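The values are calculated or read from the model by the stated rules, or taken from the named source; none is laboratory data. Owing to the predicted nature of the structure, the values given are computational and were not obtained by experimental measurement. All Cβ positions, even for glycine, are placed from backbone atoms using ideal geometry, and neighbour counts span all protein chains on display.
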Amino acid sequence: MSSGGPLRSKALVLYDGARTPHRSCGIALAETFDRPTAAYQSLRRGGITGQGTCGAVVAGQLLLGEFLGDPDPTGAVTPALRAAMQQYQARVAAELARGASPDLVCNNLTAPLGEFTGPARHRFCTALVGQVAGFVADVLRAHGVEPRATPVRLADGTIFDPEVTAPEVTTPEPAAPEPAPSDRS
């Protein structure tokens, strides 16, 4: 059911770290949805210690609160936020790829993948961040919020615009050189 489209693509680029400096799971998701990142720093590696809930999953909850919650700090839970959280939590429980983990504790999700800084864990968490971005985007849309994936400046100075399907980078790649006349068959 989840695609997430351009928002998922943006989250993958931000977390992966191949085309732009790596962000932690929570920060990548906050940036994906154009939210300030400071509070999301504490979500890295399950609340820094690895003993807390997956930071990407918690970031998804926080994002829903930012978009659908009552802006009045003394206000009640909005019906939209309550429904969105129920939908999001149901999606996480039913669809989130968690490997062999019985729960959403970061260490339990990542320990079977070897060293936390290793490539297997990185691939797993990159995919998980993309999946959460898709869940959040889908739930927001179901509640009348149409988030857009804004462009990202990549490490090489080009711009990745996730809303543009082809090419993904707005600066064109240099054309392949034509073979010399004597090389043509």
Name the residues in the range 105-125 that are surrounded by fewer than 17 Cβ atoms within 10 Å (Cβ to Cβ), of a type in the set (A, V, I, L, M, F, W, C) and over 18 Å from R23 (Cβ atoms), would you? A111, A120
Can you tell me which residues in the range 34-86 are surrounded by 21 or more Cβ atoms within 10 Å (Cβ to Cβ) and more than 14 Å from the chain's Cα centre (by Cα)? G46, L68, A84
Filter the helices (runs of 4 or more DSSP H) completely within the range 33-119 down to those with at least 1 residues that are within 18 Å of V132 (Cβ to Cβ) and among the aromatic types (F, W, Y). 55-68, 79-95
I'd like to verify a number: residues in the range 139-170 that are part of a loop (DSSP other than H, G, I, E, B), among the aliphatic types (A, V, I, L, M), modelled with pLDDT of 90 or more and out of contact with any helix residue (DSSP H, G or I) (no Cβ under 6 Å at 6 or more places or on another chain), how many? 2
Where the second residue is of a type in the set (D, E) and surrounded by 19 or more Cβ atoms within 10 Å (Cβ to Cβ) and the first is closer than 20 Å to L68 by Cα and lies in the range 20-47, which pairs have Cβ atoms under 8 Å and are six or more apart or on separate chains? T37/E31
